[in-house]
Amino acid sequence: MSDNSQNTQANKESFQHIGIIGAGAIGQAMAKQAVRAGLKVTLSNSRGPESLAAVIDQLGPNAHAGSVRDAAAADIVVLSVNWAQLPSALAGLPSWDGRIVIDATNPVIQPGYQLAELGGRNSGEVVTDMLPGARLVKSFNTLLAAVLASDPKQAGGKRVVFLSGDDAVAKSTVEQLIERLGFASIDLGSLAVGGKLQQFPGGPLPAVNLIKVSN
């Protein structure tokens with residue numbers, strides 16, 4: 001597919017509904033930013049929708065609690081589950097059918113913030129194998145939760161969010177989402193290259209808080 005064809009297809013893609021699998025600090029920060037940007041959000045966790053009532057009340061009417069299956073049916077799905085819980089969180093879900101999944105996970109084993117065994121690959125490549133049929137983009141995993149939840153528009157610029165992936169159209173769509181949320185994006189290239197740079201622990205970019213200055 002030519003670059004022009006890819007760009008045309010990306011421009012036609014739309015998203016109004018963001019599903020979030022994992023309602024920890026990163027998941028809640030993503031929900032906050034999406035609601036602020038006028039998007040519909042379905043937030044889910046392993047304990048069920050009832051456990052999220054207080055969080056949903058704080059987020060407002062554009063946010064809803066649902067099952068993991070409900071969140072996985074959204075236009076774009078954000079995966080923000082603890083590494084050890086990924087297999088159980090994703091078990092039994094229907095085919096992804098080409099939907100975009102933003103991998104915001106980090107391969108951390110507790111206690112001690114140890115790097116999980118990845119078989120010589122980076123975590124994004126491992127997660128890709130867990131999501132057959134999905135178009136995975138690694139993003140939103142490098143900023144601390146409190147920073148991610150704060151206003152992305154800073155004096156003179158916007159806070160940077162990194163992304164990487166192997167599907168050009170999916171990356172273009174995630175770039176559109178990043179911009180809609182008020183952030184600036186930096187594309188790190190393929191998942192094999194960018195995924196290593198983004199990975200925590202081990203990569204150089206986690207917790208790096210950059211501001212892209214407006215022209």
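The values are calculated or read from the model by the stated rules, or taken from the named source; none is laboratory data. Note that this is a predicted model, so its numbers are computed, not measured. For neighbour counting, all protein chains shown are included, and Cβ atoms are generated from backbone atoms with ideal geometry for every residue, glycine included. The protein model used for the area step is the full one, side chains on, heavy atoms only, and it has no ligands, DNA or RNA in it. Shrake-Rupley method; radii C 1.70, N 1.55, O 1.52, S 1.80 Å.
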Conditions (1) within 17 Å of MET30 (Cβ to Cβ); (2) out of contact with any Lys or Arg (no Cβ under 7 Å at 6 or more places or on another chain) -> VAL160 fails only (2)
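Look at SER80 and say whether it is over 30 Å from GLU50 (Cβ atoms) and in contact (Cβ under 8 Å) with a residue 24 or more places away in the chain. Write out each step before concluding.
Working: over 30 Å from GLU50 (Cβ atoms): no; in contact (Cβ under 8 Å) with a residue 24 or more places away in the chain: yes.
No; evaluated as a whole, the condition is false for this residue.
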With the first residue restricted to region 176-196 and required to be over 23 Å from ASN122 (Cβ atoms), and the second required to be in a helix (DSSP H, G or I), Cβ contacts under 7 Å at 6 or more apart or on different chains are LEU181/GLN33; LEU181/ALA34
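So in region 69-106, with the set limited to residues that are among the hydroxyl-bearing types (Ser, Thr, Tyr) and under 13 Å from the mean Cα position of the chain (by Cα), which one is farthest from GLN16 (Cα to Cα)? Break it down stepwise before answering.
First, pick out the residues of region 69-106 that are among the hydroxyl-bearing types (Ser, Thr, Tyr): 80, 88, 95, 105.
From the residues that got through so far, the ones that are under 13 Å from the mean Cα position of the chain (by Cα) too are 80, 105.
Values: SER80: 19, THR105: 23 Å.
Taking the candidates together, the pick is THR105.
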Inside region 86-135, the number of residues satisfying the requirement of being in a loop (DSSP other than H, G, I, E, B), in contact with a Ser or Thr (Cβ under 8 Å, 6 or more places away or on another chain) and open to solvent by less than 20 Å² (accessible area, probe 1.4 Å) is 4
Output for Cβ contacts, cut-off 9 Å, separation at least six or different chains, first residue touching a residue at least 12 places away in the same chain (Cβ under 8 Å) in region 14-31, second among the charged types (D, E, K, R) and in a strand (DSSP E or B), reads GLN16/LYS40; HIS17/LYS40; ILE18/LYS40
Counting only residues in region 11-33 that are outside any helix (DSSP H, G or I), among the small types (Gly, Ala, Ser) and at pLDDT 95 or above, the one most open to solvent (accessible area, probe 1.4 Å) is identified as GLY24
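Among the residues of region 98-131 satisfying the criterion of being of a type in the set (A, V, I, L, M, F, W, C) and without any contact (Cβ under 8 Å) to a residue 24 or more places away in the chain, which is farthest from ALA74 (Cα to Cα)? Give the derivation first.
As a first pass, look at region 98-131 and keep what is of a type in the set (A, V, I, L, M, F, W, C): 100-102, 104, 108-109, 115-116, 118, 126-127, 130-131.
After this cut, where a residue has to be without any contact (Cβ under 8 Å) to a residue 24 or more places away in the chain as well, the list is 118, 126.
Working: LEU118: 28, VAL126: 22 Å.
Selected residue: LEU118.
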Residue hits (region 36-51; closer than 10 Å to ASN62 by Cα and open to solvent by 30 Å² or more (accessible area, probe 1.4 Å)) are ARG36, GLY38, LYS40
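I'd like to verify a number: residues in region 160-215 that are part of a helix (DSSP H, G or I), open to solvent by 70 Å² or more (accessible area, probe 1.4 Å) and more than 24 Å from LEU39 (Cα to Cα), how many?
Pass one, region 160-215, residues part of a helix (DSSP H, G or I): 168-180, 191-198.
Applying the additional criterion that residues be open to solvent by 70 Å² or more (accessible area, probe 1.4 Å) yields 179-180, 193, 196.
Narrowing the set further to residues that are more than 24 Å from LEU39 (Cα to Cα) leaves 193, 196.
Result for region 160-215: 2.
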For VAL147, the lone unmet condition from (1) surrounded by fewer than 20 Cβ atoms within 10 Å (Cβ to Cβ); (2) of a type outside the set (D, E, K, R); (3) without any contact (Cβ under 8 Å) to a residue 60 or more places away in the chain is (3)
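Scanning region 52-85 for residues that are aliphatic (A, V, I, L, M) and assigned to a strand (DSSP E or B), which turns out surrounded by the fewest Cβ atoms within 10 Å (Cβ to Cβ)? Let's see the steps before the verdict.
So the first thing to find is which residues in region 52-85 are aliphatic (A, V, I, L, M), and the list is 52-56, 59, 63, 65, 68, 71-74, 76-79, 81, 84.
Okay, now just the ones that are also assigned to a strand (DSSP E or B), so 63, 65, 76-79.
Numbers: ALA63: 23, ALA65: 21, ILE76: 24, VAL77: 26, VAL78: 27, LEU79: 27.
Filtering region 52-85 for residues that are aliphatic (A, V, I, L, M) and assigned to a strand (DSSP E or B), the one surrounded by the fewest Cβ atoms within 10 Å (Cβ to Cβ) comes out as ALA65.
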